[in-house]
1. Provide 319, 37, 244 in ascending order of the number of other Cβ atoms located within 10 Å of each residue's Cβ, fewest first.
2. What is the angle, in °, between the Cα long axis of helix 339-354 and the longest principal axis of the Cα atoms in the chain? Nearest 10 is fine, range 0 to 90.
3. What FRET efficiency, computed as 1/(1 + (r/R0)^6) with R0 = 22 Å and r the Cβ-Cβ distance, is obtained for residue 41 and residue 382, rounded to the nearest 0.05?
4. Report the one residue of 291, 217, 565 whose Cα lies farthest in the direction of the positive end of the charge dipole of the chain (charges on C-beta: Lys and Arg +1, Asp and Glu -1; origin at the Cα centre).
5. Nothing charged except the Cβ atoms of Lys and Arg (+1) and of Asp and Glu (-1): what's the magnitude of the dipole of the stretch 204-302 about its Cα centre? Round to the nearest 20 debye.
6. How do 81, 46, 270 line up, fewest other C-beta atoms within 10 Å first?
7. Please name which of 87, 580, 186 has its Cα lying farthest along the dipole of the chain towards the positive end, using unit charges on Cβ (Lys, Arg +1; Asp, Glu -1) and the Cα centre as origin.
8. Spelling out what I want: for every residue of the stretch 417-433, take phi, set θ = phi - 60°, compute 6.51 cos²θ - 1.76 cosθ + 1.60 (Karplus), and round to whole Hz; glycine and proline get x.
Amino acid sequence: MKFLTNTSKKLTTLIILVFNVLIHAQHESLLKVKLSDQVSQSNQIVEGKVISKSSFWDEAHQFIYTKQIIEVYKVFKGEEVETIELITKGGIVGYDAIIVSHSLQLNEGDAGVFILDEIINSKNISIGSASKLFTSKFESQGFYKYNIRKNIASNGTEIFEDIPNNFYKSLENQTQKSAVIIKNNNLNLNSTLSGKVIQNNLVTNTTATMSSFNGKSYSAGTKSILTINGTGFGDTKGSVSFSDADFGGYFYSEALSSEILSWTDTKIEVEIPDTAGTGYVKVNTMDNGTVTSSEKLIVDYAEINLDYNGNSYQTQHVDKNGNGGYTWQMNQEFYESDANQAFTRALNTWKCGTGINWDISAELTSVTKYNSYDNVNSIIFSDDLGGTVLGQCYSRYAGCAEGSKIVWYVVELDIVFNRSINWNYSTSPPESNQIDFESVTVHELGHGHQLGHVVNSNYIMNYSLSTGKYLRSLTAVDLEGGQDVQSRSTSSEICGELSMVSASCSTLSNDEFELSSQFNIYPNPVESTLFIQNNENLNVHQITMHNIQGSVVFNQSLKNWNRTTEINVSHLTSGIYLLSIDTVHGTVRKKVLIK
């Protein structure tokens, strides 16, 4: 890897062209809400910067929120105010924490345009503020984050180049009025040209150079150490920024100061933070400017961390149900819907892949709320997610001090799905106007498994999913991340909680267990011929076998089912495979070991 130098106009032009292609590709990646719809449906739009943040319990001590104070520079719509109090889901208070997937997460110093709604009934939030409280109208899509060097604004689904001359005008065209300037910002937007800024992101006036990484592929949030070699870093510690997976790698997030383990003029050692995704790395020196890598850092998987008192901590699972893990409960609506079987298939994908000890209770829950501590790992539909978010996983944590370190574990999980989406619940591919429910469920359960986003459309934990696409099988990389969390969860007791006990793939619940018992799969392990015996002569549609990378190695649709079916596996390499038998009553999944 070499540090880029400003020696070629052709190179700069190529970079800009590639950047524009990536922008176009990004537009197809998410169910996005157009800017025009966001403007018309919100009641407050401001440009500003986060100047402080603090987390708090709601009045009922059931949910944790975070309050951000936004210093306002411009008002595009709504009241002319100098500051805004923005409330987001999740946060850390003492040794309690909540993380909500696909929710807006902000850091001090984040600047951009916030598309907001006033919280009308904010009594239960009760933070002792006399000011109006606001929330992001469209979760993470309601914040157009600025990248000053590139002179772009993006909410993760749409990118605007040239903020002063393009983004501002787009907003003002929608509001039909000019923005009101509240305070002159220090963002230096109006004095830059878009093309120069894109170039300067890669070529900064600096005497520092970056020459190499120690390796090609990494994981994030796992305490993996990246060694950056070069010159001119200086002897005073600066900062290291990684491409942010939640924004598809187009924006940067800084590693915590505590994650920078060593810093010399020629070498930096830094732990890769949990938000890092595949993309470029920046070193921000104290004296010699900023240098950006010319090659991308490849991040295969990420594990969720909790940032507490300036340090980053890994999380793990424990035995919460007395049977080695956690028990999920559906409410009546979810249980009676076609989503039931799709969710169960997705859960067993993780269970068979990593051994995570999850089961589904035969007892239904009356819970319809998902933002409260109730000792129920609920699975429900909701209308509260709008048209933006497909599903969200709520991870609740508790922590304690063990010696000189803090440890955190999962107390409760809830998953909520958007009721208004045109879902595909079947095992068939979705139509072009449908979202595949099983794919979204595997992804959200991945968050429950304590995995974060990546930037790779082939992996389950990719930050986005397109309409008409599906991704239901785990790759070797997905499994590696899940198994790393599982190893930590089963190895030690923490905070007085028993460690998780790994589940076997055949440990199914309720009707699934009875369905599974109707088939004998033998011999297992197998060398040449695998036999599937249908004890009750059930109606079977299809038999599929995947390798550990998630690729289909055998697929057969059946019209007439014999009591016993044979599969020739002699040509397959040794390893673990997942056999799926689709019946009219559901899907049976079992691990098969080929010798």
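Taken together, the values in this text are just the output of simple stated rules run on the coordinates, not laboratory data. The structure displayed is predicted, hence computed values, not measured ones. A quick note on method: Cβ atoms are made from the backbone with ideal geometry, for glycine too, and the neighbour counts reach across all protein chains shown.
1. Details: 319 18, 37 14, 244 24.
Listed from fewest to most nearby Cβ atoms, that is 37, 319, 244.
2. That works out to roughly 90 degrees.
3. Values: r = 18 Å, r/R0 = 0.83.
About 0.75, to the nearest 0.05.
4. Projecting each Cα onto the dipole axis, the largest value belongs to 291.
5. Details: 6 positive and 12 negative charges, 42 e Å.
Charge dipole of the stretch 204-302: 200 debye, to the nearest 20.
6. Lowest to highest Cβ neighbour count: 81, 270, 46.
7. Result: 186, furthest along the dipole toward the positive end.
8. 10, 6, 5, 8, 7, 7, 8, 9, 9, 7, 7, 6, x, x, 6, 5, 9
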